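The values are calculated or read from the model by the stated rules, or taken from the named source; none is laboratory data. In this text the structure is predicted, and so the values were computed from the model without any measurement. No Cβ is skipped: glycine too gets one built from the backbone with ideal geometry, and neighbour counts run over all protein chains shown.
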């Protein structure tokens, strides 16, 4: 396919950090039954934007088809419900039966677990009690990115998960190690009866990597097989394939997607069947980052968009963002029509302290295929 031709691109919402709100980070979209668009995201509170700092699930609403979002956020879920400080990494998904679900990661000290809440009233955005779907596992810290629930052709759900071993520091405290492996959990069509479907998916020759496989994602290909992709430090996103709905995976190998240590997102437009990939294409080559740039944007610029008819052979990319002193990462995607989409992503720069502190929502119109 030809590279995507962007006819218009405008930011329709900006979520900068502020006093008592040091970070607004990764999120996801859903269209409500009345046509409004819900955007849920990680809204940090207090004074720290560290990954484990106090955080709740915030939300914004658009009542005009994604052309603007209300300026005052509200909460869909709060960490206090779990007697903890931090819930984050949001995915929204409407089940085949019509029920809207909110998925999020809950931090419990050095461990983590995954929950969902079901929307009981979409008019007032009321959600039910949290349901534990991925419990804590001794010695393991789980990571699930935003916008990661992958529906399979039969309506069941696949959830890609990174696994990090918990290690003890020299001072006796515990933390999740940076090196990751992955697994896939599966829920039924009603988002119940979750279980680990696959064995652990690991990087080949791990001694050559500091990161292993991190922040996995998944997309269903036209033949029903599943394409898995993984963040690494090897200069590429790695890829793997499953022919049985996520139960077994081929050995992960480098893909065509060059990248720094930053996650990718692949989504299929339900109106056209075209797949779109959003990622950072420039690896961390020697000399690219000094210590300040590594902290602020980690090489996560530019942010680009490519398209594919089959989910495998992607076009050349079009640039969405490319400021050299900002970082763009953790995207989410919502298709509004055959040629319109909403994209959200972290977009912070030096003025914010780090790229993860600020998030924006961009409305993009493409030339029709």
Where residues in the stretch 1-54 are free of Cβ contacts under 8 Å to residues at least 60 places away in the same chain and within 19 Å of residue 147 (Cα to Cα), which of them is farthest from the chain's Cα centre (by Cα)? 36
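Residue 191: modelled with pLDDT of 95 or more, in contact with a strand residue (DSSP E or B) (Cβ under 8 Å, 6 or more places away or on another chain), crowded, with 19+ Cβ neighbours inside 10 Å and assigned to a strand (DSSP E or B), yes or no?
On the way: modelled with pLDDT of 95 or more: yes; in contact with a strand residue (DSSP E or B) (Cβ under 8 Å, 6 or more places away or on another chain): yes; crowded, with 19+ Cβ neighbours inside 10 Å: yes; assigned to a strand (DSSP E or B): no.
For residue 191, the condition - modelled with pLDDT of 95 or more, in contact with a strand residue (DSSP E or B) (Cβ under 8 Å, 6 or more places away or on another chain), crowded, with 19+ Cβ neighbours inside 10 Å and assigned to a strand (DSSP E or B) - is not met.
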Only one of 256, 316 that is surrounded by fewer than 15 Cβ atoms within 10 Å (Cβ to Cβ), assigned to a loop (DSSP other than H, G, I, E, B) and either touching a residue at least 40 places away in the same chain (Cβ under 8 Å) or at negative phi (or both): 316
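If I ask for residues that are in a loop (DSSP other than H, G, I, E, B) and either touching a strand residue (DSSP E or B) at 6+ places or on another chain (Cβ under 8 Å) or surrounded by 18 or more Cβ atoms within 10 Å (Cβ to Cβ) (or both), which ones from the stretch 34-50 would you list?
Taking the stretch 34-50 first, the residues in a loop (DSSP other than H, G, I, E, B) are 34-36, 45-50.
Correct list: 36, 45, 49.
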With respect to residue 129, is the statement that it is touching a helix residue (DSSP H, G or I) at 6+ places or on another chain (Cβ under 9 Å), more than 19 Å from residue 211 (Cβ to Cβ) and either surrounded by 14 or more Cβ atoms within 10 Å (Cβ to Cβ) or modelled with pLDDT of 95 or more (or both) true? yes
Only one residue in 119, 150 is crowded, with 19+ Cβ neighbours inside 10 Å and within 18 Å of the chain's Cα centre (by Cα). Which one? 150
Kindly indicate whether residue 356 is surrounded by 18 or more Cβ atoms within 10 Å (Cβ to Cβ), over 25 Å from residue 227 (Cβ atoms), modelled with pLDDT of 95 or more and out of contact with any helix residue (DSSP H, G or I) (no Cβ under 6 Å at 6 or more places or on another chain). yes
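Please specify each residue of the stretch 132-147 satisfying the condition of being over 23 Å from residue 252 (Cβ atoms) and surrounded by 14 or more Cβ atoms within 10 Å (Cβ to Cβ). Please lay out each step first, then the result.
Of the residues in the stretch 132-147, the ones over 23 Å from residue 252 (Cβ atoms) are 132-133, 135-136, 138.
The answer is 133, 136.
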Kindly check whether there is at least one residue in the stretch 207-217 that is at pLDDT below 95, out of contact with any strand residue (DSSP E or B) (no Cβ under 8 Å at 6 or more places or on another chain) and farther than 17 Å from residue 257 by Cβ. yes
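Give the residues of the stretch 121-131 that are in contact with a strand residue (DSSP E or B) (Cβ under 9 Å, 6 or more places away or on another chain) and not in a strand (DSSP E or B), sorted by residue number. Reasoning before the result, please.
First, pick out the residues of the stretch 121-131 that are in contact with a strand residue (DSSP E or B) (Cβ under 9 Å, 6 or more places away or on another chain): 121-122, 125-131.
122, 125, 128, 129, 130 - these are the residues of the stretch 121-131 that are in contact with a strand residue (DSSP E or B) (Cβ under 9 Å, 6 or more places away or on another chain) and not in a strand (DSSP E or B).
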Test set (1) in contact with a strand residue (DSSP E or B) (Cβ under 7 Å, 6 or more places away or on another chain); (2) surrounded by fewer than 18 Cβ atoms within 10 Å (Cβ to Cβ); (3) within 28 Å of residue 73 (Cα to Cα) - residue 108 fails condition number: (1)
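Report yes if residue 259 is within 17 Å of the chain's Cα centre (by Cα) and under 30 Å from residue 31 (Cα atoms), otherwise no. Explain how you work it out, then say what you get.
Details: within 17 Å of the chain's Cα centre (by Cα): yes; under 30 Å from residue 31 (Cα atoms): no.
Taking the combined requirement at face value, the residue does not satisfy it.
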Consider residue 289 against the criteria (1) at pLDDT 95 or above; (2) surrounded by fewer than 18 Cβ atoms within 10 Å (Cβ to Cβ); (3) not in a strand (DSSP E or B): it satisfies all of them except one. Which criterion is unmet? (1)
I'd like the full set of residues that are surrounded by 19 or more Cβ atoms within 10 Å (Cβ to Cβ) and either closer than 19 Å to residue 240 by Cα or in contact (Cβ under 8 Å) with a residue 60 or more places away in the chain (or both), limited to the stretch 263-280. 263, 264, 265, 266, 267, 269, 274, 275, 276, 277, 278, 279
Just name the residue that is farthest from the chain's Cα centre (by Cα) out of those in the stretch 132-147 that are free of Cβ contacts under 8 Å to residues at least 40 places away in the same chain and in a strand (DSSP E or B). 137
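Mind counting the residues in the stretch 62-97 that are part of a loop (DSSP other than H, G, I, E, B) and in contact (Cβ under 8 Å) with a residue 12 or more places away in the chain?
Taking the stretch 62-97 and keeping what is part of a loop (DSSP other than H, G, I, E, B), we get 63-73, 78, 83-85, 95-97.
Those still in the list that are in contact (Cβ under 8 Å) with a residue 12 or more places away in the chain too: 63, 65-69, 73, 78, 84-85, 95-97.
Total satisfying the criteria: 13.
Going residue by residue through the stretch 267-278, is there one that turns out to be out of contact with any strand residue (DSSP E or B) (no Cβ under 7 Å at 6 or more places or on another chain) and either within 20 Å of residue 203 (Cβ to Cβ) or not in a loop (DSSP other than H, G, I, E, B) (or both)? Steps first, answer last, please.
Just the residues of the stretch 267-278 that are out of contact with any strand residue (DSSP E or B) (no Cβ under 7 Å at 6 or more places or on another chain), to begin with: 272-273.
So of that shortlist, the ones also either within 20 Å of residue 203 (Cβ to Cβ) or not in a loop (DSSP other than H, G, I, E, B) (or both) come out as none.
So far as the stretch 267-278 goes, no, none of its residues is out of contact with any strand residue (DSSP E or B) (no Cβ under 7 Å at 6 or more places or on another chain) and either within 20 Å of residue 203 (Cβ to Cβ) or not in a loop (DSSP other than H, G, I, E, B) (or both).
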